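*Asks:* One structure, pasted below without further comment.
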Number of protein chains: 2
Amino acid sequence: MSIDSKIKEVKKCPVQYVLAIQEAMNAIQGKWKVHIIASLLFGPKRFSEIQKSVGRINPRMLSKELKELELNGIIKREIQNISPVVIEYSLTESGCKLKKVLDAMIDWGIEHRVISLKKLKHGK
Amino acid sequence: MSIDSKIKEVKKCPVQYVLAIQEAMNAIQGKWKVHIIASLLFGPKRFSEIQKSVGRINPRMLSKELKELELNGIIKREIQNISPVVIEYSLTESGCKLKKVLDAMIDWGIEHRVISLKKLKHGK
DNA sequence: TATAGCACTATACTTTTGTATAGTAAGTTA
DNA sequence: TAACTTACTATACAAAAGTATAGTGCTATA
């Protein structure tokens, strides 16, 4: 069975919708996950590079979030076999596809702010 | 200026992206928000109706989540002027538009699960 | 040999989020 | 009048999420 028809089949059951949303929420929830994913959308990075690009995150949190993202199949961790050892984090296929979700959120967020402003202007 | 051109203007600045995503995350994060929004996608509902449709949520949590959703401009709370007083919750314009975000999450979630299963089958 | 960078881990703590349970004020029905 | 429904609020607590700070083991460079 092709992936497309598998997807169509799964979509018939509404319970799957809830599970699917839960899976997506898992992937992006937490204070730093979206920042980390966004940073990796520009290409693979090392621990310290992510730390710099994300900002005020401390190593304990970064380590924890990276582990969760790896466990959820959003990023992969690869040890380059050179000396000194270099560890590179990058998005998986699924991880890259999260961009669509983020884009939907950006579109909604921008529209939402414009609608709110409009309502403020027109009294209430 | 039209909303569309306002949106285009805002989109030029990448900082707005982060704010937009944050706003969207605010709208849906929390254990019960997605359930509540999903329940209201089928039409306006009263407190006890939402409580039934969402499941094991307790009134303290439902009350808190509804207040946050109202504050964020996702739902509106309307007091019907009949006796006995009926209070109805419904999605705002913005709230309805969240469906697109949820749909993107559903699509991603289903694809993600299929990809994960495929990888399990093909060893690792 | 000392110092620095990398990729983390350990410990202790604070804050936020969620749960359990009971109670209240107002109106409705038997 | 008593019991019931609706739409919550109050109090106390448990669990999860996040922060601050220090330390470890490794390699590389001065």
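*Asks:* What are the aspartates and glutamates whose alpha-carbon lies under 16 Å from the alpha-carbon of B:Lys52, with same-chain residues fewer than 8 places away excluded?
*Replies:* B:Lys52 reaches B:Glu65, B:Glu88.
*Asks:* Give the span of the protein assembly as shown's Cα atoms along each principal axis, as three whole-Å numbers ordered largest to smallest.
*Replies:* 77, 44, 34
*Asks:* Look at the axis of the rotation that sends chain B onto chain A, then give the chain B residue with the nearest Cβ and the distance in whole Å.
*Replies:* B:Ala104, 2
*Asks:* Give the average over all directions of the projected area of the C-alpha convex hull of chain A, one decimal, in nm².
*Replies:* Taking a quarter of the hull surface, the average projection is 11.7 nm².
*Asks:* For peptide A:23-33, compute the average count of partner chain beta-carbon atoms within 10 Å of each residue's beta-carbon.
*Replies:* The shielding value for this peptide is 4.
*Asks:* By Kyte-Doolittle mean hydropathy of at least 0.0 and Cα axial length of at least 24 Å, which whole DSSP H helices of chain B are selected?
*Replies:* Both cut-offs are met by no helix.
*Asks:* Can you flag which of A:Lys100/B:Lys67; B:Lys97/B:Lys119; A:Lys76/B:Lys119 are past 23 Å Cα-Cα? Show your work: numbers first, answer last.
*Replies:* On the way: A:Lys100/B:Lys67 29 Å; B:Lys97/B:Lys119 34 Å; A:Lys76/B:Lys119 14 Å.
Correct reply: A:Lys100/B:Lys67; B:Lys97/B:Lys119.
*Asks:* Have a look at B:Asn26, B:Asn72, B:Asn58 and tell me which one the Gaussian network model of chain B (Cα, springs below 10 Å) gives the largest fluctuation.
*Replies:* Of B:Asn26, B:Asn72, B:Asn58, the most mobile in the Gaussian network model is B:Asn58.
*Asks:* Next question. State, to one decimal in nm and shortest first, how far the label point of B:Gln29 sits from each corresponding label point in the other identical copies (label point: 7 angstrom along Cα-to-Cβ).
*Replies:* Values, ascending and in nm: 1.0.
*Asks:* By count of other Cβ within 10 Å, fewest leading, how are B:His122, A:His112, A:His35 ordered?
*Replies:* Ordered by Cβ neighbours within 10 Å, fewest first: B:His122, A:His35, A:His112.
*Asks:* One decimal, nm, shortest first: give the distances between the label point of A:Asn58 and those of the same position in the other copies, each label point 7 Å from Cα along Cα→Cβ.
*Replies:* A:Asn58 label point versus its equivalents elsewhere: 3.1 nm.
*Asks:* Assign unit charges at the C-beta atoms only (+1 for Lys and Arg, -1 for Asp and Glu), then state the dipole size of chain B relative to its Cα centre in Debye, rounded to the nearest 20.
*Replies:* Numbers: 23 positive and 13 negative charges, 130 e Å.
That gives chain B a dipole magnitude of about 620 debye.
*Asks:* 7 Å along Cα→Cβ for the label point: how many nanometres lie between B:Arg77 and each equivalent label in the other copies, listed shortest first?
*Replies:* 4.5
Each reported figure results from applying straightforward, stated rules to the coordinates on display, with no laboratory input. In this text the structure is predicted, and so the values were computed from the model without any measurement. A quick note on method: Cβ atoms are made from the backbone with ideal geometry, for glycine too, and the neighbour counts reach across all protein chains shown.
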